[in-house]
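The values are calculated or read from the model by the stated rules, or taken from the named source; none is laboratory data. These figures come from a predicted structure and were not determined experimentally. So basically every Cβ, Gly included, is an ideal-geometry build from the backbone, and we count neighbours across all protein chains shown.
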Amino acid sequence: MIVGSGLFGSVFAHEAKKLNKTSLIVEKRLHIGGNVYTEAIEGINVHKYGAHIFHTSNKKVWDYLNRFAEFNRYTNSPIANYKGEIYNLPFNMNTFNRMWGVVTPEEAKLKIEEERLKYKTENPENLERQAISLVGFDIYEKLIKGYTEKQWGRPCKDLPAFIINRLPVRFSYDNNYFNSLYQGIPLGGYTALVENLLEGIEIRLGTDYLENKKELDSLAEKVIYTGPIDAYFYYSLGALEYRSVRFETEIIDKENFQGNAVVNFTDAETPYTRIIEHKHFEFGAQPKTVISREYSAEWKKGDEPYYPVNDKKNNELYLRYKDLADRERRVVFGGRLGEYRYYDMDKVVEKALEVAEREL
Ligand SMILES: Cc1cc2nc3c(=O)[nH]c(=O)nc-3n(C[C@H](O)[C@H](O)[C@H](O)COP(=O)(O)OP(=O)(O)OC[C@H]3O[C@@H](n4cnc5c(N)ncnc54)[C@H](O)[C@@H]3O)c2cc1C
């Protein structure tokens, strides 16, 4: 019994089938793929649960997924829009040149050092002081402050410094956001990739495992559970917390809306944090375009769980649930919800392959 058809459940199911094991996937949503699900709108693959850019340095994982989809050459190069001023991300020579007119890495380093000395405090006590001491006032003011405050719903002065202990700062004109060896988007979208993984495997969509547990458990020797760990135990120790995101998706009667897949709006006044223009992930030339505005949202029980809040309180609660989970002899808990941690896609595939090897 495999609960959830996200990447974890789908990779596990594929590996089980290879070894002639029969599995049944139950998925409470009406589609497969979990959060990497893409839906075709106006011929464009729309990332329904947030933009997903595949990147990895793990050759084994890269080769594995390339058996189920061909990946394009998409390279993530987000831009920041601060009140109409455009900057490249991550912070690099293009950003520094636009901000201060500096041309060489030496000039950029000098400028940042000057700013550091001006604002440095021995122990930056909050995110604002920390950011200023790392990259100076201008970058903090235009590219960090508004965006971070929208993300966390609190002033940077009230946020702990450790959130940005390290800021990616690059002294080259390289706009590639990731340092990974391999990067791309599966041609035809992630749903097609997951369909290929799940070829020949029985799936029941629109079925909540926990609501049909008794009947479903009687069908299986072993359960791979990729839903929320606290839900499995009916929240008996309390609910784990998440940060949520709200998406407003719109079809626009234009070929090209913003010229880039990802644009961050870094001022405080624009209510959303980013606009994703989905067609640019696949170099689409459709006559229309689809965009999603992303709003950071407080999470409450019943909302879509997106990012686990791995602070002390929640990590301790997770460990208590894990203790209970370890005592469930027939059940393996896996994936981002089953383990209550943020996993990039490559890490989830790596983990599912590891668990499959161990369990099968
Ligand atoms: C906003 C956002 C953006 C991201 N962007 C990137 C990115 O750019 N690059 C990257 O590498 N990673 C990205 N990720 C991470 C990526 O989404 C995860 O690595 C991946 O989706 C995890 O797969 P999973 O199978 O563990 O979980 P999921 O995809 O969540 O799958 C779990 C499935 O279980 C189902 N389920 C839960 N409970 C039950 C139940 N009781 N009964 C039946 N079914 C159930 C759910 O409906 C879901 O389909 C992003 C994550 C988020 C939140």
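Residues of segment 214-257 that are free of Cβ contacts under 8 Å to residues at least 60 places away in the same chain, more than 22 Å from the chain's Cα centre (by Cα) and not in a loop (DSSP other than H, G, I, E, B): 214, 215, 252. Can you find even one residue in segment 191-204 that is of a type outside the set (Phe, Trp, Tyr) and modelled with pLDDT under 95? No, that holds for no residue.
Being under 23 Å from the mean Cα position of the chain (by Cα) and surrounded by 14 or more Cβ atoms within 10 Å (Cβ to Cβ) is a property that residue 291 has. Of the listed requirements (1) within 16 Å of the ligand (Cβ to nearest atom); (2) at positive phi, residue 84 misses just one: (1). Note on segment 1-61: enclosed strands (runs of 3 or more DSSP E) holding 2 or more residues that are away from the ligand (no atom under 11 Å from the Cβ) are 38-41, 44-47. Can you work out which of the residues in segment 296-311 that are among the aromatic types (Phe, Trp, Tyr) and in contact (Cβ under 8 Å) with a residue 60 or more places away in the chain is surrounded by the most Cβ atoms within 10 Å (Cβ to Cβ)? So the residue we want is 306. Can you tell me how many residues in segment 218-238 are more than 21 Å from residue 356 (Cβ to Cβ) and within 14 Å of the ligand (Cβ to nearest atom)? Of the residues in that region, 6 qualify.
The residues listed here are 260, 196; of these, the one that is in contact with a Pro (Cβ under 8 Å, 6 or more places away or on another chain) and either outside any loop (DSSP other than H, G, I, E, B) or away from the ligand (no atom under 14 Å from the Cβ) (or both) is 260. Contact map, segment 82-103: residues that are over 25 Å from residue 269 (Cα atoms) paired with residues that are in a helix (DSSP H, G or I) and not charged (D, E, K, R), Cβ distance under 7 Å, separation 6+ or inter-chain. Pairs shown: 93/105; 93/108; 102/96; 102/108; 103/97. Exactly one residue out of 302, 284 is more than 29 Å from residue 258 (Cα to Cα) and out of contact with any helix residue (DSSP H, G or I) (no Cβ under 7 Å at 6 or more places or on another chain): that is 302.
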